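Taking it in order: structure first as structure tokens, then the write-up.
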Amino acid sequence: MKLSENAIKVLEKRYLSKDENGNLLEDVEGMFRRVAKEIASADEKYTHKAGLVEIEEQFYEMMTSLEFLPNSPTLMNAGRPLGQLSACFVLPVEDTMEGIFETIKNAALIHKSGGGTGFSFSRLRPKGSAVNSTGGVASGPISFMKVFNAATEAVKQGGTRRGANMGILRVDHPDILEFISCKKDNSEITNFNISVGITEDFMKAVEYNLEYELIDPKTKKPVGKLNAKQVFDIIVEMAWKNGEPGIIFLDRLNRDNVTPELGEIESTNPCGEQPLLPYEACNLGSVNLYSMLDAEKNSLDFDKLGLTVKKAVHFLDNVIEVNKYPLKEIDEMTRGTRKIGLGVMGWADILCALGIPYDSQRAIELAGTVMEFIQKNAQKASEELARQKGVFPYYEQSIYAKKGIRIRNATTTTIAPTGTLSLIAGVSSGIEPVFAISYIRNVMDNNELIEVNPVFKKAALEGNFYSDELMKKIAESGTLKHIEEIPEEVRKVFVTAHDVRPEWHVKMQAAFQKYTDNAVSKTVNLSHEATTDDVREVFTFAYRAQCKGVTIYRDGSRDMQVLNIGKVQ
Ligand code: ADP
């Protein structure tokens, strides 16, 4: 297998089985064998021994060729005693002391197994409301978020990776202003990403500069009013300062809720790409688009992509079967809807290889073509599975029953950040632009190593302009923008996250969202000099472009974040 030194280091540290003294019990191929065998075993009831071996080989081949990888918990835990394979969970937070602390306990169990949790705190009564049983007053959602945060901090040490949370509050909750500013101080609530749950009514009120009502979730009665534009401006200001809060569009998440009879979607997982019902979990997986390059024809190999999508859907559907869920309620919900989330990584790399600039109309069009193809093929594969193995148990309560489409998975597509997966596969993460064309990495004994984007290295060697000095020069800023010794066509194609203007980030997110059942993880990068007006424009544009949410990050605006892409966690 072709793995970078960095990838091997990450795998050895967190993914490979070890004995109690920390000695490795398997190598990387051994890990993939363990995973392939366990996931194939879900087919025991449907096939004979030879068939099972064939399926195991397919899965093994697909992973070791780095064409497809399942999310981290599947790699870490499949075929091992813990057996918890999902990355994403949403838990309900009820407005009772028992409910709140039950959820904290459940979140701790999920974090221990490498999963991330999302919560909506919108059902909690506002700060200062009466507590009947004690005669005291409630301390409000933000005070409880701090307890969730402290619990996550404590579990961090013992788990497979540090826990990550998403905290959401509806924009019409009476404590919304406190929520928007709750991460103003960078050292607070560090284990949470936060997002404001925005409604279409609110966005209309912003547009017409109107007031909107704050609703007490307990009594369902209006308890006050705020000017929508002013609230929006505070969200913008905070996001500009700190990258948080993000925003999610609740009505859009629920417009695409395929099982509305089972409940309302009120939260997503930590990075925002997976809206879920309370107690639902979802396992993700990503196709490495760079590995779908037909180098001879200099095009994307759609036949190979179609086949890979089919096998990946089979794989992810099997994960649901062999998964050991941390709670009875999660077991029931997750097996009930059988949601899977197949996405992509290596998008920027394949664009570079094809000579298409990320920030171009051609790239946006190709994004739509590729994702539409993936979505169609994923749904087709799920329909085939339904014919063989049956539809998902809550099918009758879904929109598919009304349409007469017999499908095995309530959703099939999601675009994950692929923070660690892309590092293992050695490609650009998710649908993000390349972060740096080359960068300096400190290795042991204070030695410096220059890491060069492999697609760029190939282009530089082919174009006869590769040199160590040049790579060092590029590493100083990461970008090629001002490096004149590089041909202009190459500079146009190899753009980095910071070269790409914010509207192109949003356009790309929207292009993928159009053909994704769930949501898209994407960060819109802004330069340090960007203004609050720029942030407001991004938010408004993302809303108009039918995104399901948006996260921005202004360069240098904070030094701590929940998930550090590319770092060994
Ligand atoms: P990976 O590449 O490791 O499979 P991603 O970066 O694609 O993971 O993240 C997918 C989802 O996995 C996140 O949205 C979150 O739900 C979960 N996740 C990622 N990192 C963590 C973490 N450190 N702790 C808990 N959950 C995480």
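The values are calculated or read from the model by the stated rules, or taken from the named source; none is laboratory data. Because the structure is predicted, anything quoted here is derived from the model rather than measured. Quick reminder, even Gly has a Cβ in these numbers, built from the backbone with ideal geometry, and neighbours come from all protein chains shown. Quick note on the areas: whole protein, heavy atoms, side chains included, nothing else; ligands and nucleic acids left out. Shrake-Rupley method; radii C 1.70, N 1.55, O 1.52, S 1.80 Å.
Before moving on, here are some points about what is shown:
- Computed from the C-beta positions of Glu372 and Asn298, the FRET efficiency with R₀ = 25 Å rounds to 0.70.
- Using alpha carbons only, the radius of gyration of the stretch 408-540 set against its Kirkwood radius gives Rg/Rh = 1.02.
- In terms of the mean number of neighbouring beta-carbon atoms within 10 Å, the peptides 353-362, 270-279 order highest first as 270-279, 353-362.
- Under 5 Å from the amide H of Leu210 lie the amide H atoms of Ala228, Lys229, each residue being 5 or more positions distant or on a separate chain, with H modelled from the backbone and absent for Pro and chain starts.
- Sum of side-chain charges, Ser286 neighbourhood, beta-carbon under 12 Å (Lys, Arg +1; Asp, Glu -1): -2
- Computed lengthening from Arg387 to Glu61, 0.36 nm per intervening residue step minus Cα-Cα distance: 114.8 nm
- Burial ranking of peptide ranges 415-428, 375-388 (average Cβ count within 10 Å, highest at the top): 415-428, 375-388
- Antiparallel DSSP beta bridges within the stretch 175-309, as percent of all bridges there, nearest 5: 70 percent
- FRET efficiency estimate (nearest 0.05) - Cβ-Cβ, Leu177 to Asn132, R0 30 angstrom: 0.70
- Accessible surface, 1.4 Å probe, highest first, among residues Lys339, Lys310: Lys310, Lys339
- In this structure, the residue pairs whose Cα-Cα separation is over 27 Å, taken from Lys310/Lys457; Lys492/Lys522; Lys218/Lys514, are Lys310/Lys457; Lys218/Lys514.
- Label-to-label distance, nm, for residues given as Lys45 and Arg558 (7 Å Cα→Cβ offset): 4.5 nm
- Using a cutoff of 8 angstrom between alpha carbon atoms and counting only pairs six or more residues apart, the relative contact order for the chain works out to 15 percent.
- Carbon plus sulfur fraction of accessible area for the stretch 392-432, probe 1.4 Å, in percent: 56 percent
- Shown for the stretch 127-270: the carbon plus sulfur share of the solvent-accessible area, taken with all protein chains present and a 1.4 angstrom probe, equals 51%.
- Euclidean distance between Cα centres, the stretch 441-517 to the stretch 78-100, Å: 39 Å
- Packing-based order for 215-227, 115-127, using average beta carbon neighbours within 10 Å, highest first: 115-127, 215-227
- To put it simply, the accessible area of the stretch 14-113 at a 1.4 Å probe is 53 percent carbon and sulfur.
- If both residues of a DSSP beta bridge must be in the chain, then about 45% of such bridges are antiparallel.
- Per-pair calculated FRET efficiency, R0 = 35 Å: Glu200 and Thr531 via Cβ, rounded to 0.05: 0.85
- Put a dot 7 Å past the Cα of Glu29, heading toward its Cβ, do the same for Lys481, and the two dots end up 4.6 nm apart.
- Most simply put, the stretch 89-181 has about 10% antiparallel DSSP beta bridges, counting only bridges with both residues inside it.
- Solvent-accessible area per residue in the chain equals 42 Å², computed with a 1.4 angstrom probe and all protein chains kept.
- Taking a ≥ b ≥ c as the square roots of the Cα gyration tensor eigenvalues, the stretch 197-290 comes out oblate, since a/c reaches at least 1.5 and a/b does not exceed b/c.
- Rounded, prolate or oblate (a/c below 1.5 giving rounded, otherwise prolate when a/b exceeds b/c) for the stretch 177-246 by Cα gyration tensor: oblate
- Gyration tensor (alpha-carbon) shape descriptor, the stretch 315-461, a/c threshold 1.5: oblate
- The stretch 122-172 versus the stretch 348-372: alpha-carbon centroid distance in Å: 41 Å
- In this structure, the amide hydrogen of Met166, modeled 1.01 Å from its nitrogen in the peptide plane, lies closer than 5 angstrom to those of Thr117, Gly118, Phe119, Asn193, counting only residues at least 5 positions away or on a different chain.
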